[in-house]
Amino acid sequence: MIWRNDHLKHDWFHRPLPENIELGQNVYIESSYVFAAFFSELHPGLVMGEGSGAYGLSSLGTGAGGRIQVGAYTCLNSTSLIADAIITIGAHCLFAWGAVVTDQRIPVSADAVARRRALLETASDPVRRLRPATEPKPVHIGDNVWVGFDSVITGGVNVGHGAVIGCKTMITEDVPPYAIVVGNPCRLLRYLQADDGEEARSAALREFGLAPGLPVIS
Amino acid sequence: METPLLHILAPGMRLEGDWYDGALPENIVAGENTRVDSSACFRYYRAKGPVGLRTGANVTLWRTSIAPEESALIEIGDHSWIANASLACRLRISIGKRVFVAGGVTIIDSDFHPLTPATRLLDTVAVSPVGDRSHRPAIDARPVEIEDDVWIGYNATILKGVRIGAGAVIAPGAVVTADVPAGCTVSGNPARMVESRV
């Protein structure tokens, strides 16, 4: 089964998709507007696995040295990913509306000089590529992670396999596998039973007539 | 003649000068002088039952997403005002009379995905471009009930199974995960009581 992004022929945004992206089969991209702030000069600057999608007003923003990897069957529903280093997201993740993943530390550095310099350098660039105000720290999100709406995940964070992050939660520290974390400030609610092994994954793909064993980025 | 800003809510109507190309759903019941700005409010309206939205009289719906799923029902009482909110409903959301809902509010009676890792993984495939939304796994839903004279502040969130007692106040940005007694004020994420009037 091959599905195509035919609606991109009628895209309201005037720019083509960037050249330096690798999309697997059956990837959904709502609009090339998703790439309005995609300035990666890496090859590739973005990899999206089989059956993943960037829906609604999602934004995949990168600086010149930024790279984003999204695993198979991961759903970005009006979600912003902002990478100056690297953001890696596993397979089968759900990101709700308004969720943000950035590899910057937030609140940004107390170093007011660095913040000012970043803004001044940004202003001198005609396309206003936002300069990082802090050293970016890679973010890694495992497989089958669910991130609630309006939550924020910041630089240097690892989110473990199977974890669930509630809505409007700010994540500045690692989240263990299968943990449910909620609230602001965020707290650990409990752990889920790990029942989503390779067998469960193969069964889920078979259920929809899809071949198991596809390459998964994680 | 100038296009009116708000239109009378009536089943199946196409609104004059509507910027969104759609009609109001057929399966709604609206009291007298209930008004809506655009059919865009019903962009994600998927109710298939006899009634998916029932409102009292003099209700105001402003750029609010009214999103009941197939067998869901949203009820809104007389004189309630709802602006720039999202009502996403699998089962039932009931809003009383004279309830004020400020901008950016989300009211949901379900989490819309299963919590259990294996079932959740199955759901990611079901909602993918090559999945099938009609074969999604069972997803928990519990009705939300908001009683009369409640005030809900900007960007607040009301989660599944919550009952908010009459006259309660939800502070801006609060995430309400448990029942709120009548007359109380709650704030924060998760919402905690900051003032009790009982």
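The values are calculated or read from the model by the stated rules, or taken from the named source; none is laboratory data. Remember, predicted model here, so these are calculated numbers, not experimental data. No Cβ is skipped: glycine too gets one built from the backbone with ideal geometry, and neighbour counts run over all protein chains shown.
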Residue satisfying all of: in the stretch B:44-81; in contact with a Phe, Trp or Tyr (Cβ under 8 Å, 6 or more places away or on another chain) and hydroxyl-bearing (S, T, Y); nearest to A:W97 (Cα to Cα) among these: B:S65
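Among the candidates A:G61, A:G53, A:G90, A:G66, which residue alone is at pLDDT 95 or above, farther than 24 Å from A:G148 by Cα and among the small types (G, A, S)?
Values: A:G61 fails: farther than 24 Å from A:G148 by Cα; A:G53 fails: farther than 24 Å from A:G148 by Cα; A:G90 fails: farther than 24 Å from A:G148 by Cα.
It is A:G66.
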Of all residues making up the stretch B:96-130, the number that are assigned to a loop (DSSP other than H, G, I, E, B), at the interface with another protein chain (Cβ under 7 Å from one of its Cβ atoms) and of a type in the set (A, V, I, L, M): 3
Leading residue by the ranking (modelled with the lowest pLDDT) among those in the stretch A:188-213 that are within 16 Å of A:V159 (Cβ to Cβ) and in contact with a Ser or Thr (Cβ under 9 Å, 6 or more places away or on another chain): A:D196
Residue match in the stretch A:29-50 (condition: at pLDDT below 95 and of a type in the set (S, T, N, Q)): yes
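Go through the residues of the stretch A:65-73 one by one and say whether even a single one is closer than 17 Å to B:A126 by Cα and not aromatic (F, W, Y).
Yes: the stretch A:65-73 contains one or more residues that are closer than 17 Å to B:A126 by Cα and not aromatic (F, W, Y).
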Residue list for the stretch B:29-52, restricted to those being hydroxyl-bearing (S, T, Y), in contact with a Leu (Cβ under 7 Å, 6 or more places away or on another chain) and under 13 Å from B:P11 (Cβ atoms): B:T34, B:S39
Hits in the stretch B:131-166 (condition: crowded, with 21+ Cβ neighbours inside 10 Å and within 9 Å of chain A (Cβ to nearest Cβ)): B:G131, B:T157, B:L159
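Conditions tested, residue by residue: (1) within 11 Å of chain B (Cβ to nearest Cβ); (2) closer than 19 Å to A:L94 by Cβ; (3) touching a residue at least 40 places away in the same chain (Cβ under 8 Å).
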{"residue": "A:F13", "(1), (2), (3)": "no, no, no"}
{"residue": "A:V27", "(1), (2), (3)": "yes, yes, no"}
{"residue": "A:F39", "(1), (2), (3)": "no, no, yes"}
{"residue": "A:G56", "(1), (2), (3)": "no, yes, yes"}
{"residue": "A:S59", "(1), (2), (3)": "no, yes, no"}
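Is there a residue being outside any helix (DSSP H, G or I) and under 24 Å from B:P172 (Cα atoms) anywhere in the stretch B:50-58? Show your work before the answer.
Initially, the stretch B:50-58 is screened for residues outside any helix (DSSP H, G or I), giving B:50-58.
Still in the running and under 24 Å from B:P172 (Cα atoms): none.
Checked against the condition, which is being outside any helix (DSSP H, G or I) and under 24 Å from B:P172 (Cα atoms), the stretch B:50-58 yields no hits at all.
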Options B:I93, B:I146, B:I76, B:I158; residue that is more than 20 Å from B:A30 (Cβ to Cβ), touching a strand residue (DSSP E or B) at 6+ places or on another chain (Cβ under 8 Å) and of a type in the set (V, I, T): B:I158
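Quick one: which residue in A:A72, A:A85 is away from chain B (no Cβ under 14 Å), of a type in the set (A, V, I, L, M, F, W, C), touching a Gly at 6+ places or on another chain (Cβ under 7 Å) and at negative phi? Please lay out each step first, then the result.
Working: A:A72 fails: away from chain B (no Cβ under 14 Å).
Of A:A72, A:A85, the one residue that is away from chain B (no Cβ under 14 Å), of a type in the set (A, V, I, L, M, F, W, C), touching a Gly at 6+ places or on another chain (Cβ under 7 Å) and at negative phi is A:A85.
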